[in-house]
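Please treat every number below as a calculation from the coordinates, not as lab data. A quick note: this is a predicted structure, and the numbers were derived from the prediction, not measured. Virtual Cβ from ideal backbone geometry, glycine too; neighbours counted across all protein chains shown.
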Amino acid sequence: MAYSRDNFDRVKQEIAGRRQRALADYESRVLEMSSVLPEAYELNRQISMTGPKIMDAVMANRLDDRTLETIRKENADLRAKLGRLLEKNGYPADYMDLKYTCGKCSDTGYVGIEMCSCMKEALARAEFESSGLARLAKTQSFESFDLSFYTGRDLELMKINLEQLRSFADSFSESTTDSFILLGATGLGKTHLSTSVAARVIERGYSVIYETAQDVISVFEQKRFGGDYLSDRDRQYTECDLLIIDDLGVEVSNQFTVSCIYNVINSRLVRGKPTIINTNLTQGEMRQRYADRITSRIFGEFRPLLFTGLDVRQQKIGRAMK
């Protein structure tokens, strides 16, 4: 998964800080016991020698099953004795345990060489906040999508769109390759549903970039004219788990912008990474505006979802005035 460098560094520092606090808290409790309850301090010292005992046996080439079982039993007996002593003196049995926030990774962010789920979740939350979607998601979700603004054939289409996009988001995984193009006039729910997808996918721990076509073009323009500080962003368009491009067709169209859009779309298709495109253009208008290499890639590889009906924003205004 691709995450922004700033978010990755920030989350890594947060987890490292979490580990430092856990160690400091543990050392404080051990120091307390050294003066308040020396017997507990000594038992804890003996427990802490379990690791070195195992290492010594490994180095001496005498760590067999019997030796390992003996060491484990000694450790369990010491822990039980320490727990009873602490409880007898009014402390919790686990008072001298080293307590990490995440027991799976011991607040390192990794289990072996794999990123821990706690770090993935923290990164997902950071991406969600920095994407600007957090504010939109408060009012735009699958649950808040109101089908009462649609009737007849429009309603049937919207039920299909809602179900397909919700299913896509709920089942999103690293093997997901489906891409969608949402076609229809303004105010028909394209942004609402694509925002809902983004929020749900981020909640599942995957990286999402949601930007307008014009914003995407701006990144490439800045890089073209020496904006090195944006060099990481264009890479993320290709590597993020899900890219959502809003308002395709609003950007100024020329050879450079068309080339940028094509390169992003084509690179993601080649990598098997899903993309969602929102546009107010019809299929015919897209063919007139963009080169065949873009429209053929989009309509050949993306699943089209048609949004029809009356402008929901205008209907909401009308309802509010009644």
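A DSSP coil position with no more than 14 other Cβ atoms inside 10 Å describes the following GluC sites (Glu not before Pro) in region 94-156: Glu143. Residues whose amide H falls under 5 Å from that of Tyr110, counting only those 5 or more places apart or on a different chain, are Cys116, with hydrogens built in the peptide plane. The magnitude of the dipole of region 5-115, with charges of +1 and -1 set on the Cβ of Lys/Arg and Asp/Glu and taken from the Cα centre, is near 80 debye. Working from Cα pairs under 8 Å separated by at least six residues, relative contact order for region 5-115 is 38 percent. Taking Cα centre as origin and charging only the Cβ of basic (Lys, Arg, +1) and acidic (Asp, Glu, -1) residues, the dipole magnitude of region 131-321 rounds to 160 debye.
In summary, the lysines within cross-link reach of Lys120, defined as a Cα separation below 26 angstrom excluding same-chain residues under 8 places away, comprise Lys12, Lys99, Lys104, Lys138, Lys273. Between Leu162, Leu193, Leu31, where does the largest GNM mean-square fluctuation fall for the chain, given springs only between Cα atoms within less than 10 Å? Comparing Leu162, Leu193, Leu31 in the GNM, the peak value goes to Leu31. Under 14 Å Cα-Cα from Lys223, which aspartates and glutamates qualify once same-chain neighbours fewer than 8 residues away are excluded? Once the sequence-local aspartates and glutamates are set aside, what remains near Lys223 is Asp215, Asp232, Asp234. Model label sites at Ser35 and Phe299, defined 7 Å from Cα along the beta-carbon direction, differ in position by 8.1 nm. Summarising the label geometry, the points placed 7 Å from Cα in the beta-carbon direction at Leu63 and Asn263 lie 5.1 nm from one another. On full extension, the segment bounded by Thr70 and Asp97 gains 7.6 nm, given 0.36 nm per residue less the C-alpha separation.
The magnitude of the dipole of the chain, with charges of +1 and -1 set on the Cβ of Lys/Arg and Asp/Glu and taken from the Cα centre, is near 340 debye. For Lys159, which lysines qualify as cross-link partners when the Cα separation must be under 20 Å and same-chain residues fewer than eight apart are set aside? Of all the lysines, those that pass the test against Lys159 - Cα under 20 Å, at least 8 places apart if same chain - are Lys190, Lys316. Taking every DSSP beta bridge that has both ends in the chain, the antiparallel portion is near 10%.
Each of Ile181, Ser34, Leu147 was scored by the projection of its Cα onto the charge dipole of the chain, and the greatest displacement toward the positive side belongs to Leu147; charges sit on the C-beta of Lys, Arg, Asp and Glu.
Structural descriptor for region 131-321: relative contact order 34 percent, calculated from alpha carbon pairs under 8 angstrom and at least 6 residues apart.
Using the beta-carbon distance between Phe256 and Asp311 and R0 = 30 Å, what value does 1/(1 + (r/R0)^6) give for FRET efficiency, to the nearest 0.05? Rounded to the nearest 0.05, the efficiency is 0.35. Scalar couplings 3J(HN,Hα) for region 185-192, obtained by applying the Karplus form with A = 6.51, B = -1.76, C = 1.60 to θ = phi - 60°, are 5, 5, x, 10, x, 5, 5, 4 Hz; x denotes Gly and Pro. Note on the chain: GNM, Cα springs under 10 Å; of Leu78, Leu242, Leu188, the largest mean-square fluctuation is that of Leu78.
Labels on offer are [x] 29, 59, 12, 0; [y] 25, 39, 22, 14, 0; [z] 35, 59, 5, and the one holding P(r) over Cα pairs in 20 Å bins from 0, in percent computed from this structure is [y].
The mean sequence separation of alpha-carbon pairs under 8 Å and at least six residues apart, normalised by the residue count of the chain, gives a relative contact order of 21 percent. Rounded, prolate or oblate for region 5-115? Axes are the square roots of the Cα gyration tensor eigenvalues, ordered a ≥ b ≥ c, and the cut-off for rounded is a/c under 1.5. Oblate. When the chain is described by a simple charge dipole with +1 on each Lys and Arg Cβ and -1 on each Asp and Glu Cβ, the residue from Ser218, Pro304, Leu242 located farthest towards its positive end is Pro304.
The modelled label-to-label distance between Ala16 and Arg289, using points 7 Å beyond Cα along the C-beta direction, is 4.5 nm.
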